[in-house]
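Notes to accompany the following structure.
The values are calculated or read from the model by the stated rules, or taken from the named source; none is laboratory data. Keep in mind that what you see is a predicted model, and the values were worked out from it rather than measured. All Cβ positions, glycine included, derive from the backbone under ideal geometry; neighbour counts span all protein chains shown. These area figures cover heavy atoms from the full protein model, side chains too; ligands, DNA and RNA do not enter into them. Shrake-Rupley method; radii C 1.70, N 1.55, O 1.52, S 1.80 Å.
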Amino acid sequence: MSLEAALLDALLAETGDVVLVAGVDGRVERASPAYTRLTGLTAEQVHGRLLWELVGDPESGPAPGPRVLAGNDRWEGTSWLRDTDDQPHPVRLVLRRVLDPAGGHERIVAVLHSSELAREEGTGEEAGYRDALTGLPGRTLFTDLVGQSLAGARREGRSVGLVLLGLDGFATINDGLGVAYGDAALRSMAERLSNSIRRSDIIGRAGGDVFALATPLTADDHAVIVAQKILEAVNEPLPAEDTEVRLDASVGVSVFPVDAEDTETMMRHADSALRHAKRQGGARYQFYGADMNQRARQRLAVEQGLRRALARDELMVYYQPKVDVETDRIVGMEALIRWHDPEHGMVPPGEFIPVAEETGLIKDLGNWILRAAAAQNRAWQGAGLAPAVVSVNVSPRQFRDPGFPDAVADALAASGLDPAWLELEITESMTMGDADNAVARMRALRDLGVRLSIDDFGTGYSNLGYLARFPVTTLKIDRSFVRDVQTDPGMAEIARAIIGLSRSLNLEIVAEGAETVDHIAFLRDHGCPTVQGFYYSKPLPAESFRQVLAAGTIGPAEAP
Ligand code: C2E
Ligand code: MG
Ligand code: MG
């Protein structure tokens, strides 16, 4: 295939516009996926058919036909797009004649701008095909598209969430600010929703003030995230005369295949969830299934609690020593966040870090712990304690945030800590995907003078080929390997291999989760000099850790 042809394929695959390419005889050669999405006709089905039949007016004959283009290179006007049932739908059409500079065959390109679809008079609105006000698919087209998407999901064993969103108190807007304002509000809601969805999502207007969205679900509480994101998008301020209004919405969600297996039942269930959300006062989401509601409630509780915790200083940093197995000397400490919730007691990080990650709270949380750990370490050094490296965990979203290196620099500047005494722990998963980009991010951090380690090493299917290129200083063997070194020869072998790998790559190595004297013996015998684990100490509050640091060395922790 020539580069031109490959470029054309790529353009056609990515554009949201309906594009058909035909030969000079009008026979269709290519069709963009958007064409298939809109009409249900695949590129294969229309290949070789006459362009004028696919985009022509039933009454006035094959128009715009070859005549229209005769002597012209471009034509633009209203035409008709036919779907699988041969139903014509009004569209805005542009035709262009493309001459081959090399003198080969000329082509005709037909483009239907999706934003312009059915904006003309006499739209297919009655048929529910396209909504004239917002340009979104109407109810009929939406349910058709969802039907196709469910068929695919069924084949591939995927879940799909169907979301119905109803604006709260929309009648008041119409009455108070006028119907024109109401229309504008609906249009901008449609735009916001379109902007907040992914390419694989389907969006439509289900009627009145109700929008509909179908989205493939990738994780268990993904639907919760989507529902929340939508509510946030709707609630952004909307300009109104000399003030602004904030709209609220109620959201109802049904999930394929747990709640229902066909589009119609999915719509009905989402609708009943939506009405439930409205009855409870609106500005909220509701799932059809009891399970999801339970999960959503828990998540919401964690999120709200965490916001409050940040505001009220309910978060603390604990420190766990990293110890030299030969000398029992403290060589470093890992900062581990702790949340003491006045109602629920200690909430483990495994429960709230993922929620913080999904809601974006991790940014504030991560900056908070960076500053706290850097300041603490600087204070200990200022008090004359032997200097040690403090390690801070970095979550995926922090690592991807372009502002992260600046946040680290700020924390260093605010505390006055020498960068050499700060280490950031990232995990293998953050280095996957776009490895070149990951290397660039790591570089930016290393340029600040801080150390970098790969946490939980061995669990993330690293691309070992890249490891040599990563500007990291340390590997941390995951505790799952350490735990079983005595009982599972396979695990012992992996631990040995990771230690060997670190040595050949000239990286430092730390073993996590050493709990017993046997673990320590194994690690020492196999050349892992540094250990972190309950054998020496659990993570400790700062005041207790200060004493450990002052002593300089640590013996085995007393058995509980
Ligand atoms: P991690 O970074 O791998 O941290 C080590 C975890 O292993 C800590 O759990 C620690 O208490 C535990 N651990 C240490 N030694 C032993 C041992 O001998 N036996 C056993 N069974 N466990 C041991 P923790 O504090 O519950 O933290 C869990 C995870 O939460 C951390 O894993 C880290 O991924 C995340 N995390 C903790 N604090 C932060 C933070 O401030 N920011 C971010 N982004 N993540 C954090
Ligand atoms: Mg860690
Ligand atoms: Mg770890």
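Within the range 497-520, if we keep just the residues that are over 21 Å from Ser391 (Cα atoms) and among the small types (Gly, Ala, Ser), the residue that is nearest to ligand 3 (Cβ to nearest atom) turns out to be Ala497. Of the residues in the range 443-481, how many are in a helix (DSSP H, G or I) and either open to solvent by 20 Å² or more (accessible area, probe 1.4 Å) or within 16 Å of ligand 2 (Cβ to nearest atom) (or both)? Counting residues in the range 443-481 that are in a helix (DSSP H, G or I) and either open to solvent by 20 Å² or more (accessible area, probe 1.4 Å) or within 16 Å of ligand 2 (Cβ to nearest atom) (or both) gives 10. Counting the residues of the range 346-405 that are touching a residue at least 60 places away in the same chain (Cβ under 8 Å), out of contact with any Ser or Thr (no Cβ under 9 Å at 6 or more places or on another chain) and open to solvent by less than 50 Å² (accessible area, probe 1.4 Å) gives 6. Summed over the range 130-185, residues that are open to solvent by 60 Å² or more (accessible area, probe 1.4 Å) and outside any helix (DSSP H, G or I) total 2. Applying the criterion of being within 18 Å of Asn377 (Cβ to Cβ) and part of a helix (DSSP H, G or I) to the residues of the range 512-545, the residue that is least open to solvent (accessible area, probe 1.4 Å) is Phe545. For the range 329-340, a tally of residues being farther than 16 Å from Phe545 by Cβ and either of a type in the set (Gly, Ala, Ser) or touching a Phe, Trp or Tyr at 6+ places or on another chain (Cβ under 9 Å) (or both) returns 1.
Checking the condition touching a Gly at 6+ places or on another chain (Cβ under 7 Å) and in the same structural domain as Ile499 (by TED's automatic domain parsing), which residue from Pro387, Pro405, Pro419 passes? Don't jump to the end; show me each part of the working.
Details: Pro387 fails: touching a Gly at 6+ places or on another chain (Cβ under 7 Å); Pro405 fails: touching a Gly at 6+ places or on another chain (Cβ under 7 Å).
It is Pro419.
The requirement of being of a type in the set (A, V, I, L, M, F, W, C) and in contact with a Gly (Cβ under 6 Å, 6 or more places away or on another chain) is satisfied by Leu274.
The single condition among (1) more than 22 Å from Arg483 (Cβ to Cβ); (2) small (Gly, Ala, Ser); (3) in contact (Cβ under 8 Å) with a residue 60 or more places away in the chain that Ser544 does not meet is (3).
Please verify whether the range 207-218 includes one or more residues that are open to solvent by 60 Å² or more (accessible area, probe 1.4 Å) and modelled with pLDDT of 90 or more. No: zero hits. Scanning the range 120-141 for residues that are modelled with pLDDT of 85 or more and of a type in the set (Ser, Thr, Tyr) yields one hit, Thr134.
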